[in-house]
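Comments concern the structure below.
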Amino acid sequence: MTTFSGDWYADLAILEAFMITIKYNTGTNRLSVGYSATYGVIRKKWLSATTEREYCEKTGLYKTTLYSDRPELMEVFTEFRDIYFKDFEFNSIQLNYKYKLGPHRDRGNTGESVLVCLGDYTGGRTVVEYENKIIKYDAREMPIRFDGSKYIHYVEEFLGNRFSLVFYNY
């Protein structure tokens, strides 16, 4: 499969075409506004009291509903990764739309994550509070790699349609 060209901005537009096809959930975190969905694997076997998640032999974890429903997206996301941050292994992606999350540390992530943002919006930089400094990133310009479980981070106010993808390991 060849979906992407290697031109960053053209590839973000292609990625956005996939992102608009995702069925997002309403944000449930008290610090959030917007919509989010997890794609990949998690530790939680039970989807509900009566439904189990599909087991992933490769990882020994359980597939999210979105991964089970849309397995073809893994090839798309992997191809994008192979072009722009090929040295980063991942097994899950947090997909967000108009999702503004307040200051937090990620839970459940192992090690670093890679953040990519796209869409037609203003503002919306990602702020990371490192030990000795605060850096504001615009992840539309390039993938941002940092340990979200170690450092507090959040999204500044924005207007418009902001999509973000957080590639990580569960």
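Listing for the model above:
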| read-out | value |
| --- | --- |
| Whole-percent carbon and sulfur share, accessible surface of the chain, 1.4 Å | 50 percent |
| For the chain, alpha-carbon Rg over 2.2 N^0.38 Å | 1.01 |
| Set of lysines near LYS150 by C-alpha distance (under 20 Å), chain-local residues within fewer than 8 positions excluded | LYS100, LYS133, LYS136 |
| Charged-residue dipole, Cβ positions (Lys, Arg, Asp, Glu), the chain about Cα centre, Debye nearest 20 | 740 debye |
| Amide hydrogen neighbours beyond the local backbone of HIS104, cut-off 5 Å, H modeled | HIS153 |
| Karplus-derived 3J(HN,Hα), 6.51/-1.76/1.60, for each residue of segment 140-154, Hz, glycine and proline x | 7, 7, 5, x, 10, 10, 7, 8, x, 7, 9, 10, 5, 8, 6 |
| Under the Karplus curve 6.51 cos²θ - 1.76 cosθ + 1.60, θ = phi - 60°, whole-Hz ³J(HN,Hα) for segment 163-170, x wherever Gly or Pro sits | 9, 9, 10, 10, 7, 7, 10, 9 |
| Cβ-derived FRET efficiency at R0 30 Å, TYR55 paired with ASP7, nearest 0.05 | 0.20 |
| Residues whose placed amide H lies under 5 Å from that of GLY148, excluding near-sequence neighbours | SER113 |
| For PHE158, residues with placed amide H under 5 Å, excluding near neighbours | GLY124 |
| Segment 103-108 - phi-based ³J(HN,Hα) in whole Hz, Karplus 6.51/-1.76/1.60, Gly and Pro as x | x, 6, 10, 5, 10, x |
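The values are calculated or read from the model by the stated rules, or taken from the named source; none is laboratory data. If you're wondering where the values come from, they're calculated on a predicted model, not measured in any experiment. Heads up, the Cβs are rebuilt from the backbone with ideal geometry, glycines too, and the neighbour counts pull from every protein chain shown. Ligands, DNA and RNA are excluded from the accessible area calculation, which covers all protein heavy atoms including side chains. Shrake-Rupley method; radii C 1.70, N 1.55, O 1.52, S 1.80 Å.
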